[in-house]
1. Which value results when the Cα radius of gyration for the chain is divided by 2.2 N^0.38 Å?
2. Contact order normalised by length for region 344-451, with contacts defined as Cα pairs under 8 Å and 6 or more residues apart; what percent is it?
3. Is the shape of region 107-153 rounded, prolate or oblate, going by the alpha carbon gyration tensor and its root eigenvalues a ≥ b ≥ c, with a/c under 1.5 for rounded and a/b larger than b/c for prolate?
4. Return the long-range amide H neighbours of Gly19 (sequence gap of 5 or more, or a different chain), with a cut-off of under 5 Å between placed amide H atoms.
5. Can you give me the P(r) profile for region 295-423? Cα pairs, bins 5 angstrom wide beginning at 0, each as a whole percent.
6. Return the lysines within reach of Lys195: Cα separation strictly under 29 angstrom, same-chain partners fewer than 8 residues apart disregarded; answer none if there are no such residues.
7. Short version: ³J(HN,Hα) in whole Hz for each residue of region 164-177, in order, from phi by Karplus 6.51 cos²θ - 1.76 cosθ + 1.60 (θ = phi - 60°), x for Gly and Pro, what are they?
8. Using each residue's phi in region 74-91, evaluate 6.51 cos²θ - 1.76 cosθ + 1.60 at θ = phi - 60° and report the 3J(HN,Hα) Karplus result to the nearest Hz, with x for Gly and Pro.
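The numbers here are math on the coordinates, done by the rules we state, and not lab data. Keep in mind it's a predicted model, so treat the numbers as computed, not measured. Cβ: placed from backbone, ideal geometry, glycine included. Neighbour counts: every protein chain shown.
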Amino acid sequence: FPLEERAASLRLPEGFVLGAATAAYQIEGAIHAEGKGESIWDSFTRRPGVIVDGTSGETACDSYHRWSDDIALLREMGLGAYRFSLGWARMQPGGQGALNAAGVAYYDRLIDGLLEAGIAPYVTLYHWDLPQELQERGGWYSRETSERFADYAELAVAAIGDRVGHWTTLNEPWTFGWFGHAYGEDAPGLADGVKGGLAASHHALLAHGMAVPRIRSAAPGAEVGIVLDLNVVSPASDAPEDVAAAKRFEGVQNRWYLDAVFRGEYPADILELCADLLPEIRQGDTTTIAQALDYLGVNIYRRSVIGAGAELPPLSFARVNPPGRYTATGWEIWPRCIRDALDFVHREYGPKKLLITENGMATPPEVPGSDGQVHDPERARYLVEHLEHVAEAARAGVPVKGYFAWTLMDNFEWASGYTVPFGLAHVDPDTRDRRLKLSGEVFGRIARNTR
Ligand code: PNW
């Protein structure tokens, strides 16, 4: 793969935003520091056997103390934007009531540091770290959590919003809804099948809808959006049972969220198929969810090839892995997925503006070479190939205005612990010193050519 030439000839539109993304629990550490409350990831990671390498985010990248090193990496790459999340339990320990002053002060320092470096903060209010106290009162199975989220959003935005131009309510309700409540692989570890996935997803979407007007009133003029992980789905064969299974899978991964957010309704086929497994959906809920948004953030890593199977009845599907290139998380590398996802959402839902808010690849654990640097040409290639498709989509008229690589630096990859690094920078496991990998240098060159 002619990496240098392809990177050098990438042409992104003028004003296109290039950034990197992280999430609070994956990088901050300091889980007991200065008034922070317990989150569901703090408690989940203490359960034996749930994280493959037995680790947690207890120290992670120690970004609670080393945030200025994180800014230094962004600067070194010349990136114009940083997407990070607020730890809900760091900001508001029990999920309600007054904010934790030390938590607010931490994000104040980070935001001021970013602005001084000329880097725009893109702030996500919820990236999976629900306060444990709210979990004990029902978590995402309860409408109370939606209301608490809207309260928290307003307080958080009022506290730090004067310097933030871009807010995201939720990161990936599909992932935390289904992996946390249907499969039980992520916090809070509930394996309640379709019933759990749909209940958590509905209350999460409701939380989003309730929060948007509160954010707008606390930060007039700021952009507000949501981040969804979309998957382009192809049926494993032309057989009618595979085609139908692919449609069911696509219905819960894409349309459940997109139809609610952009059309104020849930997809009729899923409502009918899962009629006995639905949470209470009150009159007006889907109207609440369908707030006008300034952008849609899309996280995309792969495509999905789906056939009929045994997973999550009555969705009853199976994931098929066609021959090809795969990452260390077992995800197929199929760069065109990013173009197809952008085209699909632009054509079907027409959001005003689109951002790729995550895209990147995992490798097996990496060791720096004799020069002290990690050489990861396959990650650099992944980024370049995906960016080429983003550039094409933009040329074809899709309003995609930015791309954030997942992730700034190696961090705690949820149930996979530290076994599958995704970073543009390596983090020394003992000293926590950061160093750009080859991929970070390549991404930095692309950013400089784009600015
Ligand atoms: C995202 N899938 O999660 C999250 O937003 C990040 O926190 C995470 O580190 C990153 O992707 C890499 O995993 C996903 O099954 C989890 O396709 C699962 C999927 C996609 C994204």
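1. Its radius of gyration relative to the 2.2 N^0.38 Å reference: 0.91.
2. RCO, region 344-451: 31 percent.
3. Prolate is the answer for region 107-153, as a/c is 1.5 or above and a/b outweighs b/c.
4. Tyr403, Phe404, Ala405
5. 2, 9, 17, 18, 17, 16, 12, 5, 2, 1, 0
6. Lys247
7. Computed from phi, the couplings for region 164-177 are 10, x, 9, 10, 10, 6, 10, 9, 6, x, 4, 5, 6, x Hz.
8. 4, 5, 4, 7, x, 7, x, 8, 9, 9, 9, 10, 8, x, 4, 6, 7, 6
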